[in-house]
Amino acid sequence: TVSLSETPAVVNSGIRVGTLMSKHYDPSVTAADLTIGASVFVRGRTVQLVDCDASTRQFCQTMGIPQGSPVDYPTDRFEQIQIAPKKIIDPEQARQKRANEALSAAATGKVATFMTPEEREKAKNFFEHDREVLNFYAVWDKRNFKVNYYVADGTLQVANVQTVNNGRDPNLAFIKRAKIPRGAAVHKALDTVTSPDSLHYTETDLRTGDYINILGRDFYLYGCDAFTRQYYLEKYGIEQEAVDKPLSEGDPNFIRPQLAKPPKKSNNYNQFQKHSGDVLRFAAELHKAAPEDEGRQFILCYYLGDDTATVYEFTVRNSGHPGGKVFSRAKVPGVDPSTLQVGAIVTLGGFTYFLKEVDERTQKFMETGESIDNVTESAQQLILRLRDAVNVKWSRTTEAYRHYNINKKGIGLDDLANMFRECEIKVPDKEVLMRVMDALDQDRDGVLSLQEFVDHLLKQTLSYSRMPVAQNEAAVRSYQEVREEQNRKEEADRVLKLFISKLEARRVFIVDTFRIISDRSVDGLIGVEAFKEGVQNKLGLALKPSELDALVYRFFYIPGLNDYLSRRLTLREFRKIVEA
């Protein structure tokens, strides 16, 4: 590998010290090429080697590449001018020269001066042509300017001519006053010396009807003021005639160029109202991912309301990728519901994604072709979802009932709708809500009593502390069922203690492991199969099948929930059990 650092030998040279070329591999440079006096071509630069340190010289001697004597650094033109010996002037000769000039001035009636010829010429021009400015009117890029040439010192300035509502800052100078070199471009170097006046614009170069290139910009001169016209006529005999002005800002027929505007959004309000909340979600991964991108998980969302798409990345700890939004919501040509399916390859924002999974609602939409809101859940499915949400949110049944029983006369239809809203469960319409009420309201009185709330919604047994209430035989569990549930709970507690004791010193590791599992799932929840795999493979615990089932029972079972194996845990619920 090769690197190049700059170490200027001149103190206060103004050149920054540092790395010019970072460490890199160059196949054209080998150790045999690095000899004192040789030139090496690296990254477009030719570097001449003048010397090396003692350790490098000894290493090259050992490798059979002896290094020669050091050579001098090359000098540039500026250094040669600075180090050139100056002409020594004899003080006596200088005094005699000033005396002779004074005598000659007295004989001719002039004032003696000790200025150089260049200084005399500048002073003469200043006294004769001060405040004489040649004003030309010019157009560049359909903008109006004034080109001012100062006769006293031969400098040139370009000033802005402001028009109404042009949107620009009211700055007078467009190009500052200076001697302007001829030509379309100016090349500067460190050894540049003062250029003669013949390389700069003079007053003879300015003519109306011609273009003048000022620092790479072609200004068209179309007119001048009365003083400038009279000046050229008297001094050079040139008639500076006015020519037609090109179309520019401020003219009545001028049309300002309009910036390209983004296309208007679709105004299909019927589509927006019908599918405003419909989103197709696909789990995706990078197609033909590089080794450093393996394991990255994405979710592609397609919004049916306005036919836009966006991509989010799941956050995976210690993966090196921050996660979050990777493609902002926008319309993508060629991406529509007909092209989105499992196994399809989609390109968004320069990245190619492979769609590998869909959620349940998207699958139903793809099968039926109807709006996701029209693919309604059954009343029993809504009751199951509501039961899980209420059990998670409330620890005591009576507190939950008092909260939702707003009018103190039982939970009515409006209270039931409010219950679904608080649990963030969407009910398509009032007809479905009435079917849910009919399934729960067994006595058909229009409201849910506490007994109906507990028996039919939560599927629990209501017990009273003071007076026992007669229950029918179907609602009373046998002693054997109660005993089996108690034994199962005791076994689950024992396995949980065993599970915690084996990893007592690594509780944080347990939570981090299942945090990664939840991050990689589509919905961010932990299922039974993922839980078993995490315990056996990720944590490496050798549990018996019965112990593993008991551990699943301890984490996933809720009283009154029959099909607890289909339940999915949040990470917060998992941590609450582990850290209890």
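Packing, as the average of other Cβ atoms within 10 Å across residues, places the peptides 173-181, 335-343, 68-76, 380-388 in the order 380-388, 173-181, 335-343, 68-76, highest first. Each helix, a run of at least 4 DSSP H residues, gives -39500 (n - 2.57); summed and divided by the residues of the chain, these come to -9500 deg cm²/dmol at 222 nm.
Let me make sure I get this right: for the range 9-72, a, b and c are the square roots of the gyration tensor eigenvalues over alpha carbons, sorted descending. Under 1.5 in a/c it's rounded, otherwise prolate if a/b > b/c, else oblate. Which is it?
Numbers: a/c = 2.01, a/b = 1.31, b/c = 1.53.
In terms of gyration-tensor shape, oblate.
In the chain, a dipole from Cβ-located charges (positive for Lys and Arg, negative for Asp and Glu) runs towards its positive end, and of Leu172, Ile214, Ala107 it is Ala107 whose Cα lies farthest in that direction.
By how many degrees, 0 to 90 and rounded to 10, does the Cα axis of helix 545-556 deviate from the longest principal axis of the chain? Here the helix axis deviates by roughly 70 degrees.
Using 0.36 nm per residue of separation minus the Cα-Cα distance, give me the extension gain between Met115 and Leu215 in nm, one decimal.
Values: separation 100, 0.36 × 100 = 36.00 nm, distance 3.35 nm.
Gain in length upon complete extension: 32.7 nm.
Angle of helix 413-422 to the longest C-alpha principal axis of the chain, folded into 0 to 90 degrees and rounded to 10: 50°. Sorted on the mean count of surrounding Cβ atoms within 10 Å across their residues, most packed first, peptides 149-157, 228-236 read 149-157, 228-236.
Placing +1 at every Lys and Arg Cβ and -1 at every Asp and Glu Cβ, with all other atoms neutral, what dipole size does the chain have around its Cα centre, in debye to the nearest 20? If you can, show how the numbers build up before the last one.
On the way: 79 positive and 81 negative charges, 219 e Å.
The calculation lands at about 1060 debye.
Counting only protein heavy atoms and a 1.4 Å probe, the chain has 67 square angstrom of accessible area per residue. Averaging the sequence gap over all C-alpha pairs within less than 8 Å and six or more residues apart, then dividing by the number of residues, gives the chain a relative contact order of 6 percent. From most to least packed by mean Cβ count within 10 Å, the peptides 99-105, 515-521 give 515-521, 99-105. Ranking Tyr232, Tyr303, Leu457 by how far each Cα lies toward the positive end of the dipole of the chain (charges on Cβ) leaves Leu457 at the top.
Carbon-plus-sulfur accessible fraction, the chain (probe radius 1.4 Å, protein heavy atoms only): 52%.
Quick one: of Lys426/Lys532; Lys124/Lys235; Lys426/Lys497; Lys122/Lys176; Lys426/Lys538, which pairs are farther than 28 Å apart, Cα to Cα? Working shown, then result.
Values: Lys426/Lys532 31 Å; Lys124/Lys235 17 Å; Lys426/Lys497 39 Å; Lys122/Lys176 21 Å; Lys426/Lys538 36 Å.
Pairs exceeding 28 Å: Lys426/Lys532; Lys426/Lys497; Lys426/Lys538.
The values are calculated or read from the model by the stated rules, or taken from the named source; none is laboratory data. Keep in mind the model is a prediction, meaning the values are calculated, not measured. So basically every Cβ, Gly included, is an ideal-geometry build from the backbone, and we count neighbours across all protein chains shown. In case anyone asks, the SASA skips ligands and DNA or RNA and just uses the protein heavy atoms, side chains included. Shrake-Rupley method; radii C 1.70, N 1.55, O 1.52, S 1.80 Å.
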